[in-house]
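The values are calculated or read from the model by the stated rules, or taken from the named source; none is laboratory data. All figures in this text were calculated on a predicted structure; none of them were measured in a lab. In this analysis, Cβ positions are derived from the backbone assuming ideal geometry, glycine residues included, and neighbour counts consider all displayed protein chains.
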Amino acid sequence: MNFFMYLKSKPLQAQLFDTGRYYSKISRLWKRDSTIIFLEKARDTCFIIGYGVVERAKFRGELSKEEEKYCIYHRYVECLEFRTLIKFNPPAIWSNHKFSAPSKKKTPVHGEKIPQRLLDDVLDYCEERSSTQS
């Protein structure tokens with residue numbers, strides 16, 4: 001299964017792309033090889049900032065004591081470790097003309113599943129965009 005996740009702050013984005021780990025407050029059926037599309041919302045615009053391919057998910061009890069304390073303090077339930085992380089620079093703008101969010105809202109919902117066809121369309125769009133900007 002593949003999902004959309006919003007990264008609400010620059011420090012969270014930096015933590016993800018620097019460490020290759022994402023601490024989640026929601027529990028999903030994270031599986032190895034799942035793709036997570038990372039989004040950022042700024043005013044009325046949704047940006048696609050990157051994506052990651054999950055290597056593994058760990059519950060708090062599987063983490064080091066230090067990480068477990070960190071998760072308890074911040075109310076995180078799981079830690080996702082990524083095999084692959086790609087950051088789009090600059091981010092791509094979510095286009096309602098190109099995609100329709102699975103929930104039928106204007107933009108995706110945090111934690112929402114991504115149908116495979118939509119995932120392929122989003123990744124193709126971002127790839128095309130980045131190759132034309134090089």
Report, by residue number, each residue of region 3-30 that is under 19 Å from ILE114 (Cβ atoms), out of contact with any strand residue (DSSP E or B) (no Cβ under 8 Å at 6 or more places or on another chain) and in a helix (DSSP H, G or I).
none
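Listed here are the residues, each with its yes/no results for (1) at pLDDT below 90; (2) in contact with an Asp or Glu (Cβ under 9 Å, 6 or more places away or on another chain); (3) aromatic (Phe, Trp, Tyr).
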site	(1), (2), (3)
TYR51	no, no, yes
LEU80	no, yes, no
ILE86	no, no, no
PRO90	yes, no, no
Assuming LEU16 fulfils every condition listed in (1) in contact with a Leu (Cβ under 6 Å, 6 or more places away or on another chain); (2) in contact (Cβ under 8 Å) with a residue 40 or more places away in the chain apart from one, which condition is it?
(1)
If a residue has to be at pLDDT 70 or above and either among the basic types (Lys, Arg) or more than 22 Å from ASP44 (Cβ to Cβ) (or both) to count, how many in region 92-113 make the cut?
1
Residue under question is TYR73, and the condition is that it be of a type in the set (Ser, Thr, Tyr), modelled with pLDDT of 90 or more and in contact with a Ser or Thr (Cβ under 9 Å, 6 or more places away or on another chain); does it hold?
no
Leading residue by the ranking (farthest from the chain's Cα centre (by Cα)) among those in region 20-37 that are surrounded by fewer than 17 Cβ atoms within 10 Å (Cβ to Cβ) and of a type in the set (Gly, Ala, Ser):
SER27
Residues of region 1-19 satisfying the condition of being loosely packed, with under 11 Cβ neighbours inside 10 Å and among the small types (Gly, Ala, Ser)
SER9
Of the residues in region 40-86, those that are among the acidic types (Asp, Glu), crowded, with 16+ Cβ neighbours inside 10 Å and not in a strand (DSSP E or B) come to GLU67, GLU68
